[in-house]
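Throughout, read-outs are computed from the coordinates displayed, never taken from laboratory work. If you're wondering where the values come from, they're calculated on a predicted model, not measured in any experiment. Glycine gets a Cβ as well: all are built from the backbone with ideal geometry, and neighbour counts include every protein chain shown.
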Amino acid sequence: MSIVLGKTSQSRMDGLDPDMRKVVLEAAATAPPELDFMVLEGVRTPEQMMINYGKGRTAIQCEAKGVPARYAQPRAAKVTWLSDPFNSPHKARPTGGRAVDLAPYPIDWNNHARFTALAKHVLATAKRLGIRVRWGKDWDEDGKYEEKGETDGPHFELVR
């Protein structure tokens with residue numbers, strides 16, 4: 001049982017913390033074919049953090065957090081709830097980015113069951129490796145998905 005991550009997915013893991021990278025690679029190595037997945041994003045540039053922060057926010061809200069007004073997209077759906085737009089777990093750090101976004105392949109954003117199946121596999125892999133990882137649909141790690149508006153199905157991050 002295993003899947004092969006393509007070159008694009010592999011390149012998107014550049015700069016990840018070694019533990020996060022280890023979890024993703026081991027999850028791929030142990031995934032059955034029906035859990036095929038791809039890496040959407042690993043480390044984000046400051047530019048990407050500003051783009052993401054601007055979604056769902058006004059120019060005034062952006063500027064209050066040090067994000068230029070040109071990134072404001074108040075009509076777009078909000079994609080981040082961070083109070084500090086530059087403190088994302090996707091941020092490059094000396095030890096590497098602590099977060100990665102994964103999606104079942106081929107991607108069907110409406111098939112939540114596939115995202116949940118992938119998450120269970122990734123979380124089980126992390127646990128087996130002794131690496132604590134949190135999923136974006138279970139921020140409080142209580143096993144109850146989306147109970148508090150947790151909706152970031154692709155997101156996985158190291159807990160340190």
Problem set entry | Cα gyration tensor shape for the chain, rounded if a/c is under 1.5, else prolate or oblate | prolate
For this session: Quick one: check the C-alpha center-to-center distance for region 56-79 versus region 136-157, whole angstrom.
Result: 24
Seminar exercise, completed: In debye to the nearest 20, the charge dipole size for region 45-87, taken about the Cα centre with +1 at each Lys and Arg Cβ and -1 at each Asp and Glu Cβ, equals 200
Exercise. Which percentage, to the nearest 5, of the DSSP beta bridges contained in the chain is antiparallel?
Worked result: 75
Seminar exercise, completed: Sorting Pro46, Ala126, Pro33 by the position of each Cα along the dipole of the chain (Lys, Arg +1; Asp, Glu -1; all at Cβ), the one nearest the positive end of that ordering is Pro46
Problem set entry | Trp109 paired with Asp14, simple spin-label distance in nm, labels 7 Å along Cα-to-beta-carbon | 2.7
